[in-house]
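Worksheet: the structure to be examined is printed underneath.
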Amino acid sequence: MTDLNAAALLEAHDRQLRPDVPDPVAPGVTVERDGPLVRVRGLGPDGFLTYRDLGGLTGAELDALILRQRDLFAAVGEAVEWKHYSHDEPADLPDRLRAAGFEPQDPETVLIGPVAPLAATLPVLPDGVRLREVTAQADLERIVAMEEEVWQDDRSHLAIGLAKEIEADPQALTIVVAEAGDTVVCAGWVRFIAGTTFATLWGGSTLPQWRKQGIYRAMVAYRARLAAARGFTLLQVDASPDSRPILERLSFVAVTTTTPYVYTP
């Protein structure tokens with residue numbers, strides 16, 4: 001599929017990428033179903049709730065579903081994220097989540113772009129910067145250190161989650177770092193979603209002093225080439241406000257927004 005009509009892309013996104021369930025399931029990860037909802041635990045310190053749609057649930061039935069998740073995670077002392085999309089039904093779902101104690105976090109824009117033209121773009125990097133694919137634990141820890149410098153919070157769960165994914169299926173994702181000497185200045189990974197036309201892009205955080213030098217664009221182009229080599233035709237990204245304009249200049253199309261609603265016991 002290469003049609004860049006936003007409605008068609010959103011339909012493909014919902015049909016092929018939702019619910020967002022790990023496949024294969026890594027050791028220590030559990031996937032459980034509760035009606036239309038899929039509950040994932042063990043990929044990181046927090047749980048994750050995902051679904052394609054809520055099967056028409058409204059009112060008291062929907063409230064009961066939400067409260068079951070809250071109470072389950074409260075009982076085990078874990079936070080949990082309910083990933084809500086702006087086009088999800090019913091329209092009052094955000095109000096019901098807030099009423100149950102789920103707090104909205106910063107929204108992101110879901111963008112989808114074509115693989116072929118991006119893969120045809122030669123990654124251009126500043127002098128002294130190179131891209132390298134990594135799998136070693138030491139490199140995952142270096143990615144965490146970079147992320148923590150950028151965001152000023154604990155990102156140790158990244159190394160844990162990525163290591164589990166590599167153990168489960170090292171062919172299902174590729175992790176790429178941009179390095180200047182011994183310093184990781186940017187990192188991103190691409191997940192290859194089996195049975196779909198999509199590869200999904202993650203990460204992309206860049207140290208402040210290395211921004212606006214084309215590194216993020218080069219990381220996108222490099223991962224597009226990896227996706228093209230495997231026959232994928234579309235790339236999907238949940239983009240921050242900083243990344244969105246860069247991606248739109250690269251022909252990505254905004255199709256919806258997503259907001260994490262987090263319950264913390």
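The values are calculated or read from the model by the stated rules, or taken from the named source; none is laboratory data. It should be emphasised that the depicted structure is a prediction, and the values quoted were computed from it without experimental measurement. Reconstructed Cβ throughout: ideal geometry from the backbone, glycine too, with neighbour counts over all protein chains shown. Quick note on the areas: whole protein, heavy atoms, side chains included, nothing else; ligands and nucleic acids left out. Shrake-Rupley method; radii C 1.70, N 1.55, O 1.52, S 1.80 Å.
For region 24-83, what mean projected area does the convex hull of the alpha carbons give, in nm²? Can you show the working numbers first?
On the way: hull surface 17.2 nm².
Over every viewing direction, the Cα hull of region 24-83 projects on average to 4.3 nm².
Can you work out the accessible area per residue across region 55-145, with the rest of the protein chains kept in place, probe 1.4 Å, in square angstrom?
Details: 4530 Å² over 91 residues.
Heavy-atom SASA per residue in region 55-145 reads 50 Å².
Measuring from a point 7 Å past the Cα of residue 137 along Cα-to-C-beta, which residues in region 163-187 have an amide N at less than 16 Å?
Counting backbone N atoms under 16 Å from the label point, the list is 163-168.
Which angle from 0 to 90°, rounded to the nearest 10, does the C-alpha axis of helix 137-151 make with the longest principal axis of the chain?
It is inclined by approximately 80 degrees.
Once fully extended, how much extra length lies between residue 71 and residue 18, figured as 0.36 nm per residue of separation less the alpha-carbon to alpha-carbon distance? Walk me through the intermediate numbers first.
Details: separation 53, 0.36 × 53 = 19.08 nm, distance 2.42 nm.
Roughly 16.7 nm would be gained on extension.
Using θ = phi - 60° and the Karplus form 6.51 cos²θ - 1.76 cosθ + 1.60, what ³J(HN,Hα) does each residue of region 248-254 get, whole Hz, x for Gly and Pro?
Per-residue couplings from phi come out as 5, 5, 9, 6, 6, 10, 6 Hz.
Roughly to the nearest percent, how much of the accessible area of region 108-265 is carbon and sulfur, given a 1.4 Å probe? If you can, show how the numbers build up before the last one.
Numbers: 3670 of 7020 Å².
For region 108-265, the apolar C and S fraction of the accessible surface comes to 52 percent.
Mind grabbing the base-10 log of I(q)/I(0) for region 211-264 at q = 0.21 Å⁻¹? Debye formula, identical points on the C-alpha positions, no solvent, two decimal places.
-0.88
Hey, of (1) 42, 18, 16; (2) 40, 30, 16; (3) 31, 22, 17, which did the structure itself give for semi-axes √(5λ) of the Cα gyration tensor in Å when calculated?
Evaluating semi-axes √(5λ) of the Cα gyration tensor in Å on these atoms matches (3).
Give me the net charge of residue 61's neighbourhood, meaning all other residues with Cβ under 15 Å from the Cβ of residue 61; Lys, Arg count +1, Asp, Glu -1. Provide the component values of the computation, followed by the final result.
Numbers: positive: 68, 96; negative: 34, 53, 63, 89, 92.
Summing Lys/Arg as +1 and Asp/Glu as -1 gives -3.
As an exercise, use a Förster radius of 22 Å and the Cβ-Cβ distance of residue 246 and residue 116 to find the FRET efficiency, rounded to the nearest 0.05. Working shown, then result.
Numbers: r = 19 Å, r/R0 = 0.85.
Result of the calculation: an efficiency of 0.70.
Can you bin region 142-265 into rounded, prolate or oblate? Criterion: square roots of the alpha carbon gyration tensor eigenvalues sorted a ≥ b ≥ c, rounded for a/c under 1.5, prolate for a/b above b/c, oblate for the rest. Intermediate results must be reported in sequence, preceding the final value.
Details: a/c = 1.21, a/b = 1.13, b/c = 1.07.
Taking the square roots of the gyration eigenvalues as a ≥ b ≥ c, region 142-265 is rounded.
Looking at 137, 265, 246, which one has the Cα that reaches farthest to the positive end of the dipole of region 137-265 (charges on Cβ: Lys, Arg +1; Asp, Glu -1)?
Looking along the dipole axis, the top candidate is 246.
Using the alpha-carbon atoms, what tilt in degrees (0 to 90, nearest 10) does helix 59-76 show relative to the longest principal axis of the chain?
70 degrees
Based on the Kirkwood radius over alpha-carbon pairs, what value in µm²/s does the Stokes-Einstein equation return for the translational diffusion coefficient of region 50-183 at 25 °C and 0.890 mPa s? Could you put the intermediate results ahead of the total?
Numbers: Rh = 18.9 Å.
Translational D for this selection: 130 µm²/s.
Simple spin-label model, 7 Å along Cα-to-Cβ: residue 86 to residue 32 in nm?
Output for this residue pair reads 3.4 nm.
When the chain is fully extended, how far beyond the present Cα-Cα distance does residue 169 get from residue 25, taking 0.36 nm per residue of separation?
Residue separation times 0.36 nm, minus the Cα-Cα distance, leaves 50.9 nm.
What angle do you read, to the nearest 10 degrees and between 0 and 90, between the alpha-carbon axis of helix 215-229 and the longest principal axis of the chain?
80 degrees
For residue 110, enumerate residues with amide H under 5 Å from its amide H, sequence gap 5+ or separate chain, H modeled in the peptide plane.
So residue 110 has HN proximity to 239, 255, 256, 257, 258.
Work out from phi, with θ = phi - 60° and the Karplus expression 6.51 cos²θ - 1.76 cosθ + 1.60, the ³J(HN,Hα) of each residue of region 95-110, listed in order in whole Hz, and give x for Gly and Pro.
Once θ is set to phi - 60°, the couplings for region 95-110 become 5, 5, 5, 4, 4, 8, x, 7, 9, x, 9, 5, x, 10, 9, 7 Hz.
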